[in-house]
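For reference, the structure discussed in these notes is given below.
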Amino acid sequence: MVNPINNTLAKTLSKTLISLALITSFTASSEAVAAQEQIALTGEIKQGGLLVGKTLAQNTVSLNGKAITVSKFGDYTFGFSRDDKQSYQLVITSVNGDRVEKTLTPEKRSYNIQRIEGIKKSIMQPNPKSVARARQDSKQVKTARKVASSLNYFAQGFIPPIEGTITGVYGSQRVYNGVPKNPHFGLDYAGNTGDPVKAPASGTVLLWVPDMFYSGGTMIIDHGHGVSSTFLHLSNSYVKQGDTVEQGQVVAAVGKSGRATGPHLDWRINWFNVKIDPALVLKVKPLH
Ligand SMILES: [Zn+2]
């Protein structure tokens, strides 16, 4: 989805462009202004949505006053959490100080309730040793998701990691053995143990741990600028931490390790600590 331009500012900038064209023959600066006339974005402005934008590499981008990294190709990204109720001011500033702004208000969504029975008592009421392990796991995951690399693979679109029926969606309120727990943030695909899992986008393997307490075999792949994929409950990995992976490359195998009732793939997307809906990420189309 490409959003409409901010008309008033566009008009103002057109005038600037005309006057610039009259006083100078520098095509570079005319282009800079021309490119400022619109904000090019793809992705859904919804709770759980990831937005990918393109501008000139030398422009600066901010969201509610916070700087957003722009790649050397002009790509940038940000996302909205499950219950995000804020409005955002996206501002693009060119080197000569011209600004374009756009207000983004993520559309509200409603989430379903999913009841899951038959979780082992050892998982539902973990012993102190398991609690400590789970805490360590979560620290490792948080650290990996803080990585802000300059990779720009997030801007090249995503593919589903496996071909499979979707059995669980993002945002569902989960009730385990009758006890309400945290919402589910992944997209669950049905699969058999050993089924190949592909990298949804190219990137670098940030983490592979075969036996996390809740999530079992857990892999995190960095796609750049804080965007990462996480796979849970894996039975095997074919890559290791630090490896570079290509979109579509088989990186792991489906499993049922950790808190899983059966073999399936749970795929998650993050923008730093913001949990994004992978189903919406699949709709992000590359901008050129
Ligand atoms: Zn899941």
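Just so it is clear, none of the values below were taken in a lab; they were calculated from the coordinates. Here the structure is a predicted model, which is why all the values come from computation and not from measurement. In this analysis, Cβ positions are derived from the backbone assuming ideal geometry, glycine residues included, and neighbour counts consider all displayed protein chains.
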For the chain, longest principal axis from Cα atoms; helix 128-145 axis from its Cα atoms; angle between them, nearest 10 degrees, is 20
Listing Ile159, Ile119 by rising number of other beta-carbon atoms within 10 angstrom, fewest first, gives Ile159, Ile119
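According to the Kirkwood expression over distinct Cα-Cα pairs, how big is the hydrodynamic radius of the chain, in Å? Please list the in-between numbers first.
Details: mean 1/r = 0.0491 Å⁻¹.
Mean inverse Cα-Cα distance, inverted, gives 20.3 Å.
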Whole-Hz Karplus couplings 3J(HN,Hα) for the range 97-113, θ = phi - 60° and coefficients 6.51, -1.76, 1.60, Gly and Pro as x, run x, 5, 10, 10, 10, 8, 8, 10, 10, x, 5, 6, 10, 10, 10, 8, 9
Too long for a 22 Å Cα-Cα cut-off, among Lys181/Lys275; Lys139/Lys275; Lys146/Lys275; Lys54/Lys85; Lys142/Lys181; Lys121/Lys256, are Lys54/Lys85
Counting only backbone N atoms under 17 Å from a point 7 Å out along Cα-to-Cβ of Ala40, the residues of the range 56-87 in range are 56-61, 70-78
Counting only DSSP beta bridges with both partners in the chain, the antiparallel fraction in percent, to the nearest 5, comes to 90
Net charge (Lys, Arg +1; Asp, Glu -1) of residues whose beta-carbon lies under 9 Å from that of Leu206, Leu206 excluded, is 0
Least to most buried among Met212, Met124, by other C-beta atoms within 10 Å and fewest first, runs Met124, Met212
With -39,500 (n - 2.57) per DSSP H segment of 4 or more residues and division by the full residue count of the chain, the 222 nm estimate, nearest 500 deg cm²/dmol, is -5500 deg cm²/dmol
When the chain is treated as a Gaussian network with springs between alpha carbons less than 10 Å apart, the largest mean-square fluctuation among Ile116, Ile220, Ile68 is found at Ile116
Residues His288, His184, His233 in order from fewest to most other beta-carbon atoms within 10 Å are His288, His184, His233
